[in-house]
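The values are calculated or read from the model by the stated rules, or taken from the named source; none is laboratory data. This is a predicted model, so every value here is computed, not measured. Cβ placement follows ideal geometry from the backbone for every residue including glycine, while neighbour counts extend to all protein chains displayed. Only protein heavy atoms, including side chains, enter the accessible area calculation; ligands, DNA and RNA are left aside. Shrake-Rupley method; radii C 1.70, N 1.55, O 1.52, S 1.80 Å.
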Amino acid sequence: MTEIARSASGSNGAADGAAAPAAPAADERSYSPGLEGVIAGETALSQVDGARGRLLYRGYRIGDLVERGTYASVANLLWTGDWEPGHRLPTAEVPPAVLDILRALPRDAKPMDALRTAVSAWGATQPLPWPPTVEHARALTAFSPSALAAFARLRSGQEPIDPDPSLDLVEGFLFQLNGQRPDPGTTRALDAYFVVGAEHGFNASTFTARVITSTRSDIASAVAGAIGTMKGPLHGGAPSEVVDQLAKVGSVDRAEAWIRAALDRGERLMGFGHRVYRAYDPRAAALRTVAESMERKPDWLELAIQVEDVALRLLAERHPERALKTNVEYYAAPVLQGVGLTPDLFPATFSLARHAGWTAHALEQAGANRLIRPDVRYIGPSERDLPG
Ligand code: ACO
């Protein structure tokens, strides 16, 4: 046996018949499944206070930002730390090579798959040297709404619409999606949604973006990975399921029986529960206000409000040990539907909003980089010889 083979097989070269090395002592370090409660980094971007139901971006209350900010100003705040309420961020053009790829996708591709593909292709068209910069973050955040709008039009046989640089990001997205400028109330409602969706600590997709950035990969790779993570129904797929759920409930008098039966089947109620919040999600509170003040609110909003009370009561009854409250996705659904988006666009629209946070985390990670590479506890067989 060569030295290399010996070290690869773990053999210490002892004579045949010598005792096998003892199994390593069990690892006593603590392990938390799903990393729940583990502090895996430091951030100055947002503070999520799960116990009190508070959310701050760089110290500013989310409710104040929804009221007085726009998505462009909030994204800029996250990237730079500066509060400039008049800050603008128009949508950007889709490079021809990316448009060709979007045209080649099947029309029934999921919008999340299309967006992830578009971001990946965009990365191939850009010089994105290390480290990521605010300009990279701005360019990608401005590109993605145009790409999603282009895909949404292509799949229904329409041509994409070029960005209008006179429009700010959210208004521009709706214009490129629908071919007409939205009314101010619609823009305001979707902009509020983008503000509350912009950033939220070390959630799964943001953590993905930070892990990717920590390898000194580029910002497009980080965001493409984050979109893949957000695609899962436990993270970003819930609002469209909220709509399905309410359709199944049908009317408030059926709510209690329907919810009890769903919980008996072990199903989860979409739009409830959160890994961090034990109090009412402040983003849900902000979006409920937005939804209620919309001119064109969906007709099921009243049902959603009534069903929420029943769901909270039954969840408290079923899980007295764990406070399960309304999360952001519950009231995201009526806002997104109210601005005219189809439910299959909800997760991708959430991803557009989260671009600000993902890219701000990429900048923050790069600014004090340490490769993210945790340990894992080995639970397989102890060292043994191959049979035969
Ligand atoms: N409906 C019914 N029961 C629930 C719900 C729910 N929505 N959420 C949690 N529970 C139950 C679990 O079944 C579990 O019960 P068990 O111990 O008897 O199995 C208990 O509460 C604890 O739940 P966990 O799985 O430990 O909670 P976790 O922190 O992992 O989950 C999550 C958080 C994924 C959001 C969960 O609450 C859920 O699946 N909610 C529904 C989907 C949803 O709304 N997702 C959007 C989240 S917000 C966002 O990502 C932007």
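Could you pull out the residue among Leu341, Leu336, Leu363 that is in a loop (DSSP other than H, G, I, E, B), in contact with a helix residue (DSSP H, G or I) (Cβ under 9 Å, 6 or more places away or on another chain) and either touching a residue at least 40 places away in the same chain (Cβ under 8 Å) or not acidic (Asp, Glu) (or both)?
Numbers: Leu336 fails: in a loop (DSSP other than H, G, I, E, B); Leu363 fails: in a loop (DSSP other than H, G, I, E, B).
So the residue among Leu341, Leu336, Leu363 that is in a loop (DSSP other than H, G, I, E, B), in contact with a helix residue (DSSP H, G or I) (Cβ under 9 Å, 6 or more places away or on another chain) and either touching a residue at least 40 places away in the same chain (Cβ under 8 Å) or not acidic (Asp, Glu) (or both) is Leu341.
So if I check each of Ser146, Ser156, Ser166, which one is closer than 24 Å to Pro347 by Cβ and either modelled with pLDDT under 95 or assigned to a loop (DSSP other than H, G, I, E, B) (or both)? Can you show your working first?
On the way: Ser146 fails: either modelled with pLDDT under 95 or assigned to a loop (DSSP other than H, G, I, E, B) (or both); Ser166 fails: closer than 24 Å to Pro347 by Cβ.
Just a single option satisfies the conditions, and that option is Ser156.
Condition check ((1) within 16 Å of the ligand (Cβ to nearest atom); (2) modelled with pLDDT under 70; (3) out of contact with any helix residue (DSSP H, G or I) (no Cβ under 8 Å at 6 or more places or on another chain)) across all residues:
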| site | (1), (2), (3) |
| --- | --- |
| Ser7 | no, yes, yes |
| Ala20 | no, yes, yes |
| Ala40 | yes, no, no |
| Arg58 | no, no, no |
| Ala72 | no, no, no |
| Ala75 | no, no, no |
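May I ask you to list the residues in the stretch 263-284 that are surrounded by 18 or more Cβ atoms within 10 Å (Cβ to Cβ) and in contact with a helix residue (DSSP H, G or I) (Cβ under 8 Å, 6 or more places away or on another chain)?
Of everything in the stretch 263-284, those that are surrounded by 18 or more Cβ atoms within 10 Å (Cβ to Cβ) and in contact with a helix residue (DSSP H, G or I) (Cβ under 8 Å, 6 or more places away or on another chain) turn out to be Leu269, Met270, Gly271, Phe272, Gly273, Asp281, Pro282, Arg283, Ala284.
Whether any residue in the stretch 173-188 is open to solvent by less than 20 Å² (accessible area, probe 1.4 Å), part of a helix (DSSP H, G or I) and more than 15 Å from Leu341 (Cβ to Cβ) is what I want to check.
no
Looking at this structure, is Arg318 surrounded by fewer than 16 Cβ atoms within 10 Å (Cβ to Cβ), at pLDDT 95 or above and within 12 Å of the ligand (Cβ to nearest atom)? Steps first, answer last, please.
Working: surrounded by fewer than 16 Cβ atoms within 10 Å (Cβ to Cβ): yes; at pLDDT 95 or above: yes; within 12 Å of the ligand (Cβ to nearest atom): yes.
Here the answer is yes, as Arg318 does meet what is asked.
Being open to solvent by 20 Å² or more (accessible area, probe 1.4 Å) and either touching a strand residue (DSSP E or B) at 6+ places or on another chain (Cβ under 7 Å) or at pLDDT 95 or above (or both) is the filter here, so list the residues in the stretch 341-365 that pass it.
Matches in the stretch 341-365: Leu363, Glu364.
Can you say whether Ala124 is at negative phi, assigned to a helix (DSSP H, G or I) and either of a type outside the set (Gly, Ala, Ser) or surrounded by fewer than 21 Cβ atoms within 10 Å (Cβ to Cβ) (or both), as far as the supplied structure shows? Talk me through it step by step, then tell me what you get.
Numbers: at negative phi: yes; assigned to a helix (DSSP H, G or I): yes; either of a type outside the set (Gly, Ala, Ser) or surrounded by fewer than 21 Cβ atoms within 10 Å (Cβ to Cβ) (or both): yes.
Considered against the rule, which asks whether it is at negative phi, assigned to a helix (DSSP H, G or I) and either of a type outside the set (Gly, Ala, Ser) or surrounded by fewer than 21 Cβ atoms within 10 Å (Cβ to Cβ) (or both), Ala124 comes out as yes.
State yes or no: is Arg278 basic (Lys, Arg), in contact (Cβ under 8 Å) with a residue 60 or more places away in the chain and either near the ligand (Cβ under 8 Å from one of its atoms) or farther than 30 Å from Glu135 by Cβ (or both)?
Values: basic (Lys, Arg): yes; in contact (Cβ under 8 Å) with a residue 60 or more places away in the chain: yes; either near the ligand (Cβ under 8 Å from one of its atoms) or farther than 30 Å from Glu135 by Cβ (or both): yes.
So Arg278 passes the test.
Answer yes or no as to whether Arg88 is touching a residue at least 40 places away in the same chain (Cβ under 8 Å) and under 27 Å from Ser214 (Cβ atoms).
Working: touching a residue at least 40 places away in the same chain (Cβ under 8 Å): yes; under 27 Å from Ser214 (Cβ atoms): no.
It is false that Arg88 is touching a residue at least 40 places away in the same chain (Cβ under 8 Å) and under 27 Å from Ser214 (Cβ atoms).
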